[in-house]
Every structure is written in structure tokens, then in C-alpha cells.
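Participant: Submitted below is the structure of interest, expressed as C-alpha cells.
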Ligand SMILES: Cc1cc2nc3c(=O)[nH]c(=O)nc-3n(C[C@H](O)[C@H](O)[C@H](O)COP(=O)(O)O)c2cc1C
């Protein structure tokens, strides 16, 4: 039985294009995985704290030497990592805020990107520990970036790919909706983003046959 972790972070709860695109993906995922389970983590409804000095100390202290304070300071990180490890697929919906992901999503990564738990190092450098997982991204932007002079200013999609890759998680689907602030292109772009989700499930079906 497959498990999907859905992470939303738009501060807009109603009328959010990134949440709507994730709804579309989730609906399709449930059709393919009829006995699957979806776990929801809404970073706008339930804000995560930023990591503190004692959280970082706890991250770098071997378990047998951790004080009760360190254990308490890393308890949320433990819980979020267990949740992440318990799933097969991860769906992240994200708006572009000031050229990057919202800070609540960054706070999530600061809790789960952890040495010895989700990545490690060897003589060659870093390697991820969550290689059995697939990520799907529903990214939304008010403006247009792809193929324009603004493309190099987009730190959202490159960052998401890099940080997930750092933990060994492959991005198997990137569904991008640009131009949400332009009513002239919005409906067409929504349709195209939904089509790219459909295509991704068709491709997966072919690959599994
Ligand atoms: C705080 C804030 C910062 C934003 N910064 C950008 C930006 O840098 N570039 C852009 O194209 N759109 C920007 N937008 C527009 C959003 O990306 C756009 O409204 C998107 O649809 C929001 O996602 P949502 O519909 O899921 O809430 C920003 C919106 C907000 C609220």
C-alpha cells in the first residue's frame, strides 16, 4: 500500500493556485493508488518553529551523549523525519514568494535535512539517505519566468530540486503554473499544468507495464 505525504505552504488557504494544482495531482494519485494513504502537512495552518541553537547542537551530538534538553529540541525534527521516511511519494505545492519558496517551507527543510538521518558524508562528499522516494512538485508563480530574462531569478524550482536531491529524493514530476496574476493566460496555463500531471501518470503506467 503506497503512502503519499502532501505538503502545502501557501499562506492563502482559499483560492490558492498551488493548493488547487496539488488537489488535482492528489485526485489522480488516488485513482492510481486506490488503496493508498495520503498524509497531510499544511505548513501555513501549522507553522513550524525555526531551528534554534540547541536544535543544531542536538543535530551534531551522538544520541548517547544527548542531554534531555537536546532531545527535546530535536523531537520535532525526529517526528518530521519519521513521517518523511514512512512514505513512498512526496507532493510539495509551493508558491513563489520573493523569488524563492515561502519561509515556512524552508523552516520544514531546516528540520528534516539532518546529517546521519536524511543525508550523510563520505570521502567523496554528501550523499542522500532517502533514495527510495519520489517527489512531485506543484510550483506556482505570479509572473512568467521560463524562457524569459527572469528565468535565472527563479530560486524556487532549482532549490527544491537541489535540497530534495541532497536527501537522495528524486523529483519525478515538476508541474509548473506561471502567470497566476495575468488573467489573460491563467486558464490556459492551468489547463496545461493539469495536462502535464495527466501525462506524468500515463508515463508512469507505461513504465510499470
Ligand atoms: C509575499 C509574496 C511574494 C511574491 N513574490 C513573487 C515573486 O517574486 N515572483 C512572482 O512571480 N510572484 C510572486 N508572488 C505572487 C505569487 O507567486 C502568486 O500569487 C501565486 O499564485 C501564489 O500562490 P497561491 O496562489 O498558491 O497562493 C508573490 C506573492 C506573495 C504573497
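Read-outs: derived from the displayed coordinates by stated rules, not from any lab. Model, not experiment: these values are computed from the prediction. Cβ: placed from backbone, ideal geometry, glycine included. Neighbour counts: every protein chain shown.
Participant: Are any residues in segment 12-65 touching a helix residue (DSSP H, G or I) at 6+ places or on another chain (Cβ under 7 Å) and within 23 Å of residue 120 (Cβ to Cβ), and if so, which ones?
Facilitator: Within segment 12-65, 51, 54, 55, 57, 58, 61 meet the criteria.
Participant: Return a yes/no flag: does segment 9-17 have any residue that is assigned to a helix (DSSP H, G or I), under 19 Å from residue 179 (Cα atoms) and within 12 Å of the ligand (Cβ to nearest atom).
Facilitator: yes
Participant: Can you pull out the residues in segment 180-201 that are closer than 14 Å to residue 140 by Cβ and away from the ligand (no atom under 16 Å from the Cβ)?
Facilitator: 196, the sole residue that qualifies.
Conditions tested, residue by residue: (1) within 11 Å of the ligand (Cβ to nearest atom); (2) surrounded by 14 or more Cβ atoms within 10 Å (Cβ to Cβ); (3) on the phi > 0 side of the Ramachandran plot; (4) within 20 Å of the chain's Cα centre (by Cα).
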| site | (1), (2), (3), (4) |
| --- | --- |
| 149 | no, no, no, no |
| 154 | yes, yes, no, yes |
| 169 | no, yes, no, yes |
| 175 | no, yes, no, yes |
| 178 | yes, yes, no, yes |
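Participant: Out of 25, 59, report the one residue that is touching a residue at least 40 places away in the same chain (Cβ under 8 Å), under 16 Å from residue 113 (Cα atoms) and either away from the ligand (no atom under 13 Å from the Cβ) or loosely packed, with under 15 Cβ neighbours inside 10 Å (or both).
Facilitator: From the options 25, 59, the qualifying one is 59.
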